[in-house]
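Written out below as C-alpha cells is the structure these notes cover.
The values are calculated or read from the model by the stated rules, or taken from the named source; none is laboratory data. All figures in this text were calculated on a predicted structure; none of them were measured in a lab. Note: ideal-geometry Cβ built from the backbone for every residue, glycine included; neighbour counts use all protein chains shown. Note: accessible area is taken over every heavy atom of the protein model, side chains too, but ligands, DNA and RNA are not part of it. Shrake-Rupley method; radii C 1.70, N 1.55, O 1.52, S 1.80 Å.
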Amino acid sequence: MTNYLHRRKNPYFTFSLCTIFLLFLTSCGKTTPFREVFKKATPYEQYQKALEDTKLDQTALGKDWLLAGQRVLHDSLLISVPFQETAYFGADKPTAYSFRFNARRGERITIQVGVQSLQKVKVFVDVFKWEGVPKLLISADTNATSVTFEAEHDQMHLVRIQPELLRSGRYTLSITNSPSLGFPVQGKTDKHIGSFWGADRDGGARRHEGVDIFAARGTPAIASTKGVIRGVNTNNLGGKVVWLWDQERNQTLYYAHLDSQLVQTGQLVKPGDTLGLVGTTGNARFTAPHLHFGIYRWPSGAIDPYPFIKASSGIPADIKVPLDNLGMWYRVSVKKASIYHIPDKKSPILQSIERHTPFVVIGGSSLWYHIILPSGINAYIAAKDIEKVRMPVDQVKVKQMTAVTDQPDSGAAVMETRAKGESVYALAKFGSYWLVETTRHGLGWVQTAL
C-alpha cells in the first residue's frame, strides 16, 4: 500500500524511467523484430520477454510487475456472471487484478475489457481454467475488443487483468454468458423444458439423460448447429429419432419422440434446418408431445445438454456508484460494516470491519465498491457504508517524538517525525495505527500509543 500513500508523485522520475523503458524496448526491436521473437507467445508472454531482454525484470519495478501477475492467480475475488466493474490502475505501482467465476460445460463466455487513459496503454487479459493450478486457456490484450470461449467442463475459471508498466487509467471489465447451441425446438425457449437431466425414470431404475422440451405436436425440431446427419432410425425408448453430428465440438445431438423425420443419413444441415416434427413416439406415447434432446460425447457418453441451450443470464447490472473517487482513501462510516468476496449481500461475509477503518477504493460494480484494505485484502463493500477520508475523527497530543511511517507497520519506512507536544489529527484507524496527514507526503501512519 506504500504507493497509495504517496499521491504526490515525482514527475521527473516517472518521465525518466518511462523514457528509459521505452528506449530499451525500441532498441531491442531494432535487432530482432517482435513478430519473429514472439511468433507463438501470448501478448502477456511477449511483454514479459521484452522485460527480460531489456533487463527490466531485474529492477525492483520489473520484479514487482511479475510478482503482481503471479500473486493474483492465487488471490482472486469470486464473482457471478454476468458481471461488470470499472477499476483504476496507477502508474506508480505495478498492479494486477483477478476474478474467479464458475462456468458450466456448454456455456459460451464472453469477456470484454475497455480502457480509458490519457496515454496509449495495453492491458493484458488472460483467462485460466482451474485444475488444482491455473492453466492458461486464452490470452489477449486490449488491441482485441473481446475474448470468447466455450467451457469444456463444469469448473472454475479465472480472468487476470494487468496493465503494462508506468501507465495509469481505468478499465471496464464485462463478463457475460450465452448458449453455445441454438434452441432445438422452433419458437420455444428453455422455459418450455419440463424435465431436466438426472430426473428419475422407471421408478428410479435409470436417470434421464437429456431434457424434455414441450411443444404442440408437429412443431419443428430444428438443428442447433451445423453438422451431418449420422442416423435416422427408430428405437423402443426414443421412438422416431435423429442423430446430428456436431463437427465443431465433436459431439452428437440426439432428437427423440419425433412424430416424423424429415432428413436422411449423410445430409448436411445448417442451424435452424428442420430435422423432424415434435411428437410422442417411443415411450412418450402416454405423455404430452415433446422433444427429448440429448448430447453424447465419446468416451464420456451422455452429458447434460441444458447449459448448451440455456438462455443468457442477461446483461450485467449498471454501475450505479460514482467513479470519480477511484484510487482514493475512504473509511467505514457506520458502526460496523461487512465486506464480501462477491458484490452480493446474499453471499458469505468475508469479515466485519469497524467504523473509521480506512481502505483504497479500486473499482465500482453496481451498488458496491471494490476496495483494498491496508493489509492487502481485496473485497467488496456497500457504497452506503463508506465516506471520504476528509475530516479528522480524533486529535491527539504527541507525548514524545513519534515517527510517521508509510505503512501501518513498525518496520515501515519513516516519512517524517512529530515532536513532543505537537497535535496529530487522525483521519482513520487500522489496528494500532492512525492514518494522518503528513507535512509534505500526503498521508502516513502513526501508532495510536503516542
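Length gain on complete extension for the stretch residue 60 to residue 230, per 0.36 nm per residue less the alpha carbon to alpha carbon distance?
Separation in residues times 0.36 nm, less the Cα-Cα distance, equals 55.1 nm.
The angle between the Cα long axis of helix 11-31 and the longest principal axis of the Cα atoms of the chain comes to about 50 degrees, rounded to the nearest 10. Compared with the dominant principal axis of the Cα atoms in the chain, helix 43-53 is inclined by about 40°.
Against the chain, whose longest principal axis is taken from its Cα atoms, helix 60-71 shows a tilt of about 40°. Loop-resident trypsin sites (Lys or Arg not before Pro) (DSSP state other than H, G, I, E or B) in region 283-326 with no more than 15 further Cβ atoms inside 10 Å of their Cβ: 285, 320. The charge dipole of region 201-262, taken about its Cα centre with unit charges on the Cβ of Lys, Arg, Asp and Glu (plus for the first two, minus for the last two), comes to roughly 60 debye.
Trypsin sites (Lys or Arg not before Pro), restricted to region 43-97: which are DSSP loop and have at most 11 other Cβ atoms within 10 Å?
55
Could you size up the charge dipole of region 155-303 around its Cα centre, putting +1 on the beta carbon of Lys and Arg and -1 on that of Asp and Glu, and report it in debye to the nearest 20?
So the dipole magnitude of region 155-303 works out to roughly 220 debye.
Taking region 211-228 and a reference point 7 angstrom along Cα→Cβ of residue 260, the backbone N atoms nearer than 13 Å belong to 218-221.
Among all stretches of the chain without exposed GluC sites (Glu not before Pro) (DSSP loop, at most 16 other Cβ atoms within 10 Å), which one is longest?
Formally, the longest exposed-site-free interval is 249-421.
Report the one residue of 119, 137, 65 whose Cα lies farthest in the direction of the positive end of the charge dipole of region 39-151 (charges on C-beta: Lys and Arg +1, Asp and Glu -1; origin at the Cα centre). Ranked along the dipole, the leading option is 137.
When the listed pairs 129/320; 93/122; 135/345; 49/129; 55/129 are checked against a 19 Å cut-off, the alpha-carbon distance exceeds it for 129/320; 135/345; 49/129; 55/129. Each Cα pair under 8 Å and six or more residues apart adds its separation to the average, and for the chain the resulting relative contact order is 13 percent.
In the chain, the DSSP-assigned H stretches of four residues or longer account for a calculated mean residue ellipticity at 222 nm of -3500 deg cm²/dmol, using -39500 (n - 2.57) per stretch and the full residue count as denominator. Taken about its Cα centre, region 52-100 carries a charge dipole of roughly 120 debye when the Cβ of each Lys and Arg holds +1 and the Cβ of each Asp and Glu holds -1. Taking the dipole about the Cα centre of region 290-417, with the C-beta of Lys and Arg at +1 and of Asp and Glu at -1, give me whichever of 375, 352, 323 is farthest to the positive side. Toward the positive end, the furthest listed residue is 352. Which residues make up the longest stretch of the chain that has no chymotrypsin sites (Phe, Trp or Tyr not before Pro) in a DSSP loop with at most 15 other Cβ atoms within 10 Å? Counting only loop sites that pass the neighbour cut-off, the longest clear stretch is 1-195. For region 110-212, the residue among 110, 168, 194 whose Cα projects farthest onto the positive side of the dipole built from Cβ charges is 168. For the chain, the solvent-accessible area with a 1.4 angstrom probe is 49 square angstrom per residue.
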